[in-house]
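Student: Below are the structure tokens for one structure; questions will follow.
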């Protein structure tokens, strides 16, 4: 019995030692976990958060660059005036109904200088549409037409407001067109009128003088009105006359469209277009170039700074024996700054 009791005592001692070791291991493990929990956890940003952060930083850099340019043209004074500087990266994928599918990328930049009393603006990509052009409804304005001139241009714009409804813009800059660089000057005059019967009109003339290719002039006459009071549907007709060097006559373009604001995020337009040449370059060509019907849908999606457009169209061109041609365009836009 004595010997058996001694063996039991030894076993109890071993069991006690094992329990102490297990308790020590558990305590050490818990202390390590507590120490790790006190450290700052590693946060992995989701793709959407990373994209939003990158976009915010790019907009901040753009506004900072605009402020530096603004200080160059005006005195450094404190002002809380908002800056309307913006940039747009546009990607187009188009099937023009008479060729292969094409892809095109474009950067549009407007540096607004409020300290210069908004009289000077730096532009990258000088096109026919002005961002602050409020001659049409938001529907018609946001659904900008395709760009005829794909050249890259950088210009300094001087803005003068003659009186209410009239303005004069002067651009001085340079562009790259057909693998060549050339300087140019541009004079744009505009006059707008609103009648009591609901119709509004605008006449603007765009005259450009290029160093090597000569002059280019376009006259636009627009009429538009809301279909009824309080409606978001606009009827618009636009006629343009274009002359340029080495062309004997003028090109006349006519657009008739209905523009509907479906919601704050989406716009819809239905347009009919036609073109006529008063004096074709080739005598064998018809004066009437053809006509086109197209539906244009624009939507703001995912983020306030992201837009996409879809343009299905059908064309009847005089050079193709007036056979209908199906075409279309898909466009995406990413905006920075004040959008």
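The values are calculated or read from the model by the stated rules, or taken from the named source; none is laboratory data. None of the values given here were measured: they were computed from a predicted structure. Positions of Cβ are generated from backbone atoms using ideal geometry, with glycine treated the same way; all protein chains shown enter the neighbour counts.
Student: Considering each residue of the stretch 159-177, count those that are within 24 Å of the chain's Cα centre (by Cα) and modelled with pLDDT under 85, and give that number.
Tutor: 4
Student: Just to be sure, is residue 282 free of Cβ contacts under 8 Å to residues at least 24 places away in the same chain, surrounded by 15 or more Cβ atoms within 10 Å (Cβ to Cβ) and either touching a strand residue (DSSP E or B) at 6+ places or on another chain (Cβ under 9 Å) or not in a strand (DSSP E or B) (or both)?
Tutor: Details: free of Cβ contacts under 8 Å to residues at least 24 places away in the same chain: yes; surrounded by 15 or more Cβ atoms within 10 Å (Cβ to Cβ): no; either touching a strand residue (DSSP E or B) at 6+ places or on another chain (Cβ under 9 Å) or not in a strand (DSSP E or B) (or both): yes.
Answer is no for this residue.
Student: Looking at the stretch 237-245, is at least one residue assigned by TED's automatic domain parsing to the domain that holds residue 298, at pLDDT 90 or above and closer than 30 Å to residue 304 by Cβ?
Tutor: The answer is yes; a qualifying residue exists.
Student: Sticking with this one: Within the stretch 206-215, restricting attention to residues that are over 12 Å from residue 175 (Cα atoms) and surrounded by fewer than 15 Cβ atoms within 10 Å (Cβ to Cβ), which residue is modelled with the highest pLDDT?
Tutor: If we take residues in the stretch 206-215 being over 12 Å from residue 175 (Cα atoms) and surrounded by fewer than 15 Cβ atoms within 10 Å (Cβ to Cβ), then 215 is modelled with the highest pLDDT.
Student: Then there's this: Which residue out of 257, 249 is at negative phi and part of a loop (DSSP other than H, G, I, E, B)?
Tutor: Unique residue meeting the criteria: 249.
Student: Does the stretch 300-307 contain any residue that is touching a strand residue (DSSP E or B) at 6+ places or on another chain (Cβ under 9 Å), under 17 Å from residue 270 (Cα atoms) and buried (at least 16 other Cβ atoms within 10 Å of the Cβ)?
Tutor: no
Student: Every residue in the stretch 48-75 that is at pLDDT below 75 and either touching a helix residue (DSSP H, G or I) at 6+ places or on another chain (Cβ under 8 Å) or not assigned by TED's automatic domain parsing to the domain that holds residue 306 (or both), please.
Tutor: 70, 71, 73, 74, 75
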